[in-house]
1. Which of Thr187, Thr98, Thr83 ends up with the largest GNM mean-square fluctuation for the chain, with Cα atoms connected below 10 Å?
2. What is the spin-label model distance, in nm, from Arg223 to Ile5 if the labels are put 7 Å beyond Cα along the C-beta direction?
3. Assuming a ≥ b ≥ c are the square roots of the Cα gyration tensor eigenvalues, decide whether segment 148-200 counts as rounded (a/c under 1.5), prolate (otherwise, with a/b larger than b/c) or oblate.
4. How high is the relative contact order of the chain, in percent, counting Cα pairs under 8 Å that sit 6 or more residues apart?
5. Sort out the exposed loop GluC sites (Glu not before Pro) in the chain (DSSP loop, at most 14 other Cβ within 10 Å) and tell me the longest stretch that has none.
6. With springs only between Cα atoms under 10 Å apart, run a GNM on the chain and tell me which of Met167, Met269, Met193 wobbles the most.
7. Taking the Cα centre as origin and putting +1 on Lys and Arg beta-carbons and -1 on Asp and Glu beta-carbons, what dipole magnitude results for segment 125-221, to the nearest 20 debye?
8. Let's see if you can work this out: charge +1 on each Lys and Arg Cβ, -1 on each Asp and Glu Cβ, no other charges. What is the dipole magnitude of the chain about its Cα centre, in debye to the nearest 20?
Amino acid sequence: MWRFIGRRLLYAVPILLGVSIIIFALVQLAPGDVTDILIPPEAPKEVADILRHKFGLDRPVYEQYFIWLGNLLQGDLGVSIFTNQPVGSELASALSNTLMLAIPAAFLGFTLGAVLGVLAAFFRGGWLDKLFSGIAIAGVSLPHYWVGIVLVAIFAVTLNVLPAQGMGPEDGDVWDSLRHLILPVITLSLIPMGVISRLVRASVLEILSQEFISALSAKGMARRRILFHIVKNAAPPTLAVMGLQFGYLLGGSILVETVYNWPGSGGLMNLAIFRRDVPVLSSTILVLAGIFVAINILVDVLQALIDPRLRR
């Protein structure tokens, strides 16, 4: 098992190195630089040259990359060009806010998706199957930002029962913080709910058609024990997709955080894009990519624990 984990960790090194090169190259290809934001157009050219030299933008691109990578390996994510604050502190605060959304959204989406998928498979062809499948398709198909706007219009504007934006005051009570979480968590949970529901339904239907299920039923095994074997066989592919979906929740919630004015990693990247704040943008994307890789390694380990054949 430890050899299996070691191989997965070694595979992550070239992946993260390749991701860092792609991120840095894409950021460099973006038109303009930070001087277009920090100084007015009528400012002398010498001022722009001084700023470019201060931030190292006048150096060759490969030299900028190796300096950035070397600082990253030492745990230094750099300093924000726009706020002059350490990127690490800004990113830590934004990631903690994003996790406040991603963890309950993943729990809600994965739980509902698994339950709806299992029920749809057991009632295949019936009205419950059609209802749950329709809910899953709607969850996957509806855009995040549109669902967020509709929920705000209904529950915040029309009914006035839930807050529309923000995290609430820092000195607010627990219930007030939970009220601010409800709408964005529901919005974020729809896509993972739909994806997991469709996958679980297909996996359970495939397992139900196999001969060992009929053999277990013929032996008189209790339905609860048979359900345990079904869940155990459906778990590995479902865990793989859950890991991917959780990674998407961390990095792909920029539109939802914008709609709800939530100060998370998506909002931080959005601001960095408009400000052309290269240290914040590149470091945030790379950290999210590293978390994504770590989640997938954890999923691989869990799959190997459930099914030892995957360790080969």
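Bear in mind these aren't lab numbers, they're just calculated from the coordinates by the rules spelled out. From a predicted model like this one, the values you see are computed outputs, not experimental measurements. Cβ coordinates were reconstructed from backbone atoms using ideal geometry, including for glycine residues, and neighbour counts include every protein chain displayed.
1. Between Thr187, Thr98, Thr83, it is Thr83 that shows the largest mean-square fluctuation.
2. Roughly 4.0 nm, to one decimal.
3. In terms of gyration-tensor shape, oblate.
4. 26
5. In short, 171-312.
6. Comparing Met167, Met269, Met193 in the GNM, the peak value goes to Met167.
7. Dipole magnitude for segment 125-221 comes out near 460 debye.
8. Dipole magnitude for the chain comes out near 1900 debye.
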